[in-house]
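Reviewing the structure listed below.
The values are calculated or read from the model by the stated rules, or taken from the named source; none is laboratory data. Model, not experiment: these values are computed from the prediction. Here the Cβ positions follow ideal geometry from the backbone for every residue, glycine too, while neighbour counts run over all protein chains shown. Surface accessibility is based on the protein's heavy atoms, side chains included, excluding ligands, DNA and RNA. Shrake-Rupley method; radii C 1.70, N 1.55, O 1.52, S 1.80 Å.
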Amino acid sequence: VTSSWSGDSELLGALGEALEEARIVPRRFVEAGKAAFTWFTIDAELAALTYDSAGPLGLGTAGAPDDPAALLEAEPATRALPRAARPNPAELRSMSFTSSRLKIEIEIGADALRGQIVPPQRGEIEVQTAGRPHPIPVDELGWFVIRPVPPGAFRLHCQTASGLAVLTPFITL
Amino acid sequence: VSVSEPTVVTLVARAREGDKAAWEEIVERYAPLVWRVCRRYRLSDPDAMDVGQNVWLLLVEHLRQLREPAALPGWLARTAQRECLRLLRSDKRQLAVADAHLREAVVEPDLSTEAVVLISERNAALRAAFGELPADCQQLFGLLTQDPPLSYAQIGERMGRAVGGLGPRRARCLDKLRRNPLLAGFLEPDGTFKGGQP
């Protein structure tokens, strides 16, 4: 066996391993990843999590806004805490998301997620989940109700009648 | 030599502009890495699906802010790892298990996440280079890498070619593969493959 031949065997072995690594991945797993691009938007302003009643430092702690410089290493802006660390479940969890011109406040109840956009104005909220989007109307006082509470990761895309578009980070409750 | 295969930096740049095909190529390339991380934590298929879903949603969310697109595989692996740990922690059966134990409870504990990323990047480059080979080379390599292995006689039969020509053809195809610029970073100066088997 010459050295070049043994190099060939190594290369072929590595190629076999590489092809196998992709072959064992279920196609649904790949397709679900591709479908996530539906939620890529260029137009909307990203709102940062500025308050979470289940925040990392306990009840009523404001979440730190994303540090863009640390994004590669940072925890994603909104991560659910382990159940044990959550406050009394009888209290409603509330969160605020702030962009330069709009604030989205939400409160998570057992039956529904209720929210308001500030300053109050009419518009539409789109609940973006792994599945299909659900458009929810926002009334003239800025109120909206999402029923039931989305079970998995979701984010809210808010489009106001005045033309503002704001997007929250993904939220996992 | 083809240079059509885009780098991850190019793919991220295109996806940021809204190019769906570039996004899909990113997912095709690195879904095996995310899957591999899930498997390290022995997640069931449905749990791995959940983690994968979250990882790609988080990438969509952070796509515009990624400072180092070249480091995307590492970002994906760390995000997948974090989502796996989060899922295991939230699982009632695992509630009392400390993070340190969860971290140690991986398959192949000797292999660090960084090592998994390196192997997976190399594998992605190999698959991309494979995808650029002529069809007959792809067919030959597909047959040569079957498990359990096929004999040359079986391969010759399936390809409708004389067994005697397979050796030289194999060498020619491997040479084409090796000369693909995608693999440049994974080859020793003398042309042998770096690292050998993981």
Could you check the range B:140-166 and list, in sequence order, the residues that are surrounded by fewer than 16 Cβ atoms within 10 Å (Cβ to Cβ) and in contact (Cβ under 8 Å) with a residue 12 or more places away in the chain?
B:152, B:158
Could you look through the range A:31-49, keep only residues that are part of a helix (DSSP H, G or I), at the interface with chain B (Cβ under 8 Å from one of its Cβ atoms) and free of Cβ contacts under 8 Å to residues at least 40 places away in the same chain, and pick out the one that is surrounded by the fewest Cβ atoms within 10 Å (Cβ to Cβ)?
A:34
For the range A:139-147, does any single residue satisfy the condition of being over 19 Å from the mean Cα position of the chain (by Cα) and aliphatic (A, V, I, L, M)?
yes
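For the range B:30-62, how many residues meet the condition of being among the basic types (Lys, Arg), more than 8 Å from chain A (Cβ to nearest Cβ) and within 20 Å of residue A:18 (Cα to Cα)?
Going through the range B:30-62 one residue at a time, the tally reaches 2.
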When every residue in the range B:184-198 that is farther than 14 Å from residue A:7 by Cα and in a helix (DSSP H, G or I) is compared, the one modelled with the highest pLDDT is B:184
Find the residue count for the range B:126-139, including only residues that are open to solvent by less than 20 Å² (accessible area, probe 1.4 Å) and facing chain A (nearest Cβ under 8 Å).
1
Out of all the residues in the range A:35-82, which are within 22 Å of residue B:87 (Cβ to Cβ) and modelled with pLDDT of 50 or more?
A:35, A:36, A:39, A:49, A:52, A:54, A:55, A:56
